[in-house]
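Peer 1: Pasting a structure below so you can have a look.
The values are calculated or read from the model by the stated rules, or taken from the named source; none is laboratory data. This one's a predicted model, so the numbers in the text were calculated from it and none came from an experiment. To get the accessible areas, we keep the full protein, side chains included, count just its heavy atoms, and leave off ligands, DNA and RNA. Shrake-Rupley method; radii C 1.70, N 1.55, O 1.52, S 1.80 Å.
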Amino acid sequence: TYLKIFDTIRNLYAELPLARLRGYTASRFSFNNSGGRCQSCEGQGVIKLEMSFLPTSFMPCEACRGTRFNQQTLDVKYDSKSISDVLQMTVEQAVDFFKVHPKILRPLQLLVETGLGYLQLGQPSPTLSGGEAQRIKLVTQLARGGGSNDKPRARTKKSTLYILEEPTIGLHAADVALLLDVLHRLDDAFCERFRAV
């Protein structure tokens, strides 16, 4: 999962009437915490099978049916979607679903603009390619204010050096154009900040 989107999504779910009635906090909607996750698979959604002389294999958890959460957590729904349903959405689907929540919408739109709209919200970080991980880091910087229409902040003594190692390898020409646009926006934003000081 990426950026701080999930903190905001978990907070949204914690504010829903059923969640408040049951006393759920935002941490309930994280599969990393014991309160809301499925105890059988510990929030993994799969059970690891170790077999002698055969490679390790995984099977969907029968208790949660791969949703990663216990039923009490899944009962809480926003616009008829549980937190598990949200994690299974692609970024593009989530843009439409969260269109009335600017704090969630803005980073999602930035992900789409960098050609990452196909990623699932709940996609584990280790499954991302190197190029995808680099583009997510760029989006993180843009979401902090770089490349946006925010007012320039005063220059701080802290500087950031970006090293992109072959960020366009394996990308379609259209995705390369999207990535270049994002890099130009990031560069323009930092130049604006320095001119404003």
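Peer 1: Probe of 1.4 angstrom, ligands and nucleic acids ignored: what's the accessible area per residue over segment 1-152, in square angstrom?
Peer 2: Numbers: 8310 Å² over 152 residues.
Each residue of segment 1-152 exposes 55 Å² on average to a 1.4 Å probe.
Peer 1: In addition: Could you list which residues have their amide H under 5 Å from that of R37, counting only those 5 or more apart in sequence or on another chain, with H placed in the peptide plane?
Peer 2: N70
Peer 1: Answer rounded, prolate or oblate for segment 1-116, using the Cα gyration tensor with square roots of eigenvalues a ≥ b ≥ c: rounded when a/c is under 1.5, else prolate when a/b is larger than b/c, else oblate.
Peer 2: Because a/c hits 1.5 or more and a/b fails to exceed b/c, segment 1-116 counts as oblate.
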